Amino acid sequence: MAGARITLEDRGFQRRVAAIKNGVANATPLMKIWGAIGKRSVEKNFEVEGRPTRWKALSPATANRMKNKTRRRGFRRILFVTGHLKSITVKAESTRAILGSNPATKDYAAIHQFGGQAGRGRKVTIPRRSFLFLQPEDYTELHDSAKKYLVKIGT
């Protein structure tokens, strides 16, 4: 049987493979889902004032200043005087989702995320209160949404 050959061709399968390739090359719809998952997680970080470990409490001086600033608004949360820091932006691209702090908060978002010296003469130590990160359970949700996306584009 040298030289004998059989070819199996399934056009439906080939269409599905092509759809999956295209859907992976431009996964913007999936990145929108991932961005929403990430944003929800970051908002939860603010809601509970840090996860999995609570953020360090405010210094007495900061707590007093915050009390005076927020009394009329009813806010008493860490990193939440105006709400601007909690306003997370999401951008979905073909191969990634980008989450970030609101551009209006650029002057103080990084110091709260990473901690460090701030204020006049950099005399004040701001503790790290990371808010812009995902939790382990978020990765399970990201993985599940990717599987559903691949099944959907392949059908």
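Each value in this text was obtained by applying a stated rule to the coordinates, not by laboratory testing. Please read all numbers here as calculations on a predicted model, not as lab measurements. A quick note on method: Cβ atoms are made from the backbone with ideal geometry, for glycine too, and the neighbour counts reach across all protein chains shown.
Our estimate of slack between Asn64 and Ser94, defined as 0.36 nm per intervening residue step minus the Cα-Cα distance, is 6.2 nm. Modelled this way, with points 7 Å down the Cα-to-C-beta line, the labels at Asp107 and Arg122 are 1.8 nm from one another. In this structure, Gln14 and Gln135 have a Cβ-Cβ separation that, at R0 = 30 Å, corresponds to a calculated FRET efficiency of about 0.15. Among the listed pairs Lys91/Lys152; Lys56/Lys123; Lys56/Lys147; Lys86/Lys147, those whose Cα-Cα separation exceeds 26 Å are Lys56/Lys147; Lys86/Lys147.
Hydrophobic, long helices, defined as DSSP H runs whose alpha-carbon span along the helix axis is 24 Å or greater and whose mean Kyte-Doolittle value is at least 1.6, do not occur in the chain. Counting Lys and Arg as +1 and Asp and Glu as -1 over every other residue whose Cβ lies under 10 Å from the Cβ of Ala97, the net charge comes to +3. The residue among Thr155, Ile88, Gly38 whose Cα reaches farthest toward the positive pole of the charge dipole of the chain, with charges on the beta-carbon of Lys, Arg, Asp and Glu, is Ile88. Is the C-alpha gyration tensor of segment 12-153 telling us rounded, prolate or oblate? Criteria: a/c under 1.5 is rounded; beyond that, a/b larger than b/c is prolate, otherwise oblate. Prolate, because a/c is 1.5 or more and a/b exceeds b/c. For segment 134-155, the residues whose backbone nitrogen is under 12 Å from a point 7 Å from the Cα of Asn22, taken along Cα to Cβ, are 153-155.
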